[in-house]
Amino acid sequence: MSRIIRIAHLARVEGHGGITIEVERRRVKRAHFDVFEGLRLVEGLLRGRQWMDVSQIVSRICSICSVGHALTSIKATEAAFGITPSWETTQLRNLMFHGESIESHALHVFLLAAPDYLGYPSAIAMAEDYPDTVAVGLRLKKLGNLIQETVGGRAIHPVNAVVGGFGRAMRRDELLRMRDALLEGLRDSEAAVDFVATLAPAETQRGELLCAALRPGTGYGYYDGDKVIFRDGEDRPVTANTFREVIREEAVAHSNAKHSRLDGRAFMVGALARLTVNGAALGPRAAAAMGRMGLTLPSLDPLDNNRAQTVELVQDIDAALTIIQQLLDSGTGGEVAGHVEPRAGSGVAVTEAPRGLLLHSYEYDEDGSIVAADVITPTALNAAHLEESLARQVEQSRAIDDGALRRDLEMIARAYDPCISCSVHLVRLDDRSTGEGPGS
Amino acid sequence: MKPTLLVGLGNPLMGDDSVGSCVVDTMRRRGLVPTGVETLLAGTDLLRHADRLAGRGRVLIVDATADGRPPGTVRFLDLPLDDAIAGQPSAHQLSALEAVRLLQLLDPAVARTRFTLATVSVAAPAVAEGLSQPLAEALPHIVEWVAAALD
């Protein structure tokens, strides 16, 4: 006799999704992370659009990841056109990524994950008893917003980052204002570590962790570099250009997000994967934060992604301060984009959005119009691994009742910080009737 | 005490969802904002503007609602509405109700502020620029009601 565990709507995640698990004699027959968010059709929308419009269109995939989508798009377009951005441009893009990470992680750790640990249905309910703690999270979110707004020109859907550089350079007073805000944020990042260190680990299963993360060009960055490292004891490097061939995306019936595997194995991306692959590049304050929270690597517990995000909050602030100081010392606020000469060709870019690896791939014609586009998001990459974690939890759970089990399942799903809006992705079609190439 | 603040919420790329922003923008352009009242077009994220809300005697927020009433229906609700917040369904943006409730819990300067939510009933918002015809026709009346509520 089988039973169904169903969580119709997973709360406190971005977008619309649920969980369905069918159990028969304590064995899971199927575990589904159901993504029923409507299709976005963005890749189809890009066809025929000019290169200068592309980053603006793709940033609308999501508001919380709009910097990630916009800059990954620009990076892919520059790869297609053979453009190498300057040091200043790369640093400012790195800074935007750190701002996005601060905002996203602060929201997730304080407003989405923390209520689970403390037994509240929402951050609003939690704020009645923990106002100072929630206020820390909101101040950090505001700090991330400030960086994105100052460099990107808007808090979401940035307009200042363009192919070849920036629309306008940062003024010295803008750099100093961000530096001052980051210095104030140091105390909040320490408070975040202290708070998360008090959260008791949940009774969740431990599974094998195959993870993947971008190997940054320098330091602990999210933008620069084009090599992805798959790690499970040993490293397996894969270039951005070959990533799609290696992971073998496939459509599944229960989800509008494709699933990916490496040699048949699900893998995890995101903060925990980044720490696992690039932890040696952490600064001293972030490394100390890991110790204070009792986070040891490699960790096989998906819930440790919450702790990993808190480590990155610390690292992001320190890295952003370093970048700003370098720009101040060099007397530059970035490079204004010059003339861009489009050309026919393909470009692939991989970056680290807050939730993990993000890939954009474009093919342009000689006029600089999109012929084909593909976007692979971290939530889609995580979907198969999340389903395996849910199944394992059900089979190994010592939860005393269905309510406790459901809570654990929701915590696991939320620990992946899924951005369901980003993950929906139309099944690949081969339009033979028009002679067009494969689309998505 | 800072002046009364009139806030318009909504996404201009989502058709009727933008009615809150349209009301405030129309009042600005036509000189219908009462003297001494400040205005704010807040997009879809009220939390981001917490600093602008604090320390005021009164804040009037105009936002769209898909409540099944005829498009253009305006209701004025004094906040907070505790029973309207059962959980936290969305991750990355709180509704106006949720954002006000959260900020009042965290900031005494917001807690002392009198908040009024003016809801404008809309049909299901969809990707589009500008308001639907029924709402566009109702806009002058909505503007009048909101302006009257500020007097």
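Tabulated results
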| quantity | calculated |
| --- | --- |
| Unique residue being within 13 Å of chain B (Cβ to nearest Cβ) and over 24 Å from A:ALA200 (Cβ atoms) when the list is A:GLU78, A:GLU103 | A:GLU103 |
| Only listed residue being out of contact with any Gly (no Cβ under 7 Å at 6 or more places or on another chain), among the β-branched types (Val, Ile, Thr) and either over 17 Å from A:THR379 (Cβ atoms) or more than 14 Å from chain B (Cβ to nearest Cβ) (or both), chosen from A:THR89, A:THR84 | A:THR84 |
| Subset of the range B:114-147 (residues that are within 15 Å of the chain's Cα centre (by Cα) and either hydrophobic (A, V, I, L, M, F, W, C) or assigned to a loop (DSSP other than H, G, I, E, B) (or both)) | B:PHE115, B:LEU117, B:ALA118, B:VAL120, B:VAL122, B:LEU139, B:ILE142, B:VAL143, B:TRP145, B:VAL146, B:ALA147 |
| Any chance A:GLU250 is touching a His at 6+ places or on another chain (Cβ under 9 Å), free of Cβ contacts under 8 Å to residues at least 12 places away in the same chain, surrounded by fewer than 16 Cβ atoms within 10 Å (Cβ to Cβ) and of a type in the set (D, E, K, R) | yes |
| Complete set of residues in the range A:143-163 that are surrounded by fewer than 23 Cβ atoms within 10 Å (Cβ to Cβ) and over 30 Å from A:GLU341 (Cα atoms) | A:ASN145, A:LEU146 |
| Cβ-Cβ under 8 Å pairs, at least 6 apart or on other chains, the range A:118-142 side on the phi < 0 side of the Ramachandran plot and within 10 Å of chain B (Cβ to nearest Cβ), far side among the polar types (S, T, N, Q) and open to solvent by less than 10 Å² (accessible area, probe 1.4 Å) | A:PRO121/B:GLN88; A:SER122/B:GLN88; A:ALA123/B:GLN88; A:ILE124/B:GLN88 |
| Test result for A:LEU262, in contact (Cβ under 8 Å) with a residue 40 or more places away in the chain and open to solvent by less than 30 Å² (accessible area, probe 1.4 Å) | yes |
| Candidates A:ARG179, A:ARG168, A:ARG187 - the one that is free of Cβ contacts under 8 Å to residues at least 60 places away in the same chain and away from every other protein chain (no Cβ under 14 Å) | A:ARG187 |
| Scan of the range A:334-356 for residues that are open to solvent by 10 Å² or more (accessible area, probe 1.4 Å), in contact with a helix residue (DSSP H, G or I) (Cβ under 9 Å, 6 or more places away or on another chain) and small (Gly, Ala, Ser), ordered by number | A:GLY334, A:ALA337, A:ALA344, A:GLY345, A:SER346 |
| Qualifying positions in the range B:18-48 - within 16 Å of B:SER95 (Cα to Cα) and open to solvent by 40 Å² or more (accessible area, probe 1.4 Å) | B:LEU41, B:THR44, B:ARG48 |
| Flag if A:GLU100 is open to solvent by 50 Å² or more (accessible area, probe 1.4 Å) and not in a loop (DSSP other than H, G, I, E, B) | no |
| Among residues of the range A:35-53, those that are at pLDDT 85 or above and of a type in the set (A, V, I, L, M, F, W, C), counted | 4 |
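The values are calculated or read from the model by the stated rules, or taken from the named source; none is laboratory data. Note that the coordinates shown come from a computational prediction; the quantities given were computed from them, not determined experimentally. Positions of Cβ are backbone-derived with ideal geometry, glycine not excepted, and every protein chain shown enters the neighbour counts. Note: accessible area is taken over every heavy atom of the protein model, side chains too, but ligands, DNA and RNA are not part of it. Shrake-Rupley method; radii C 1.70, N 1.55, O 1.52, S 1.80 Å.
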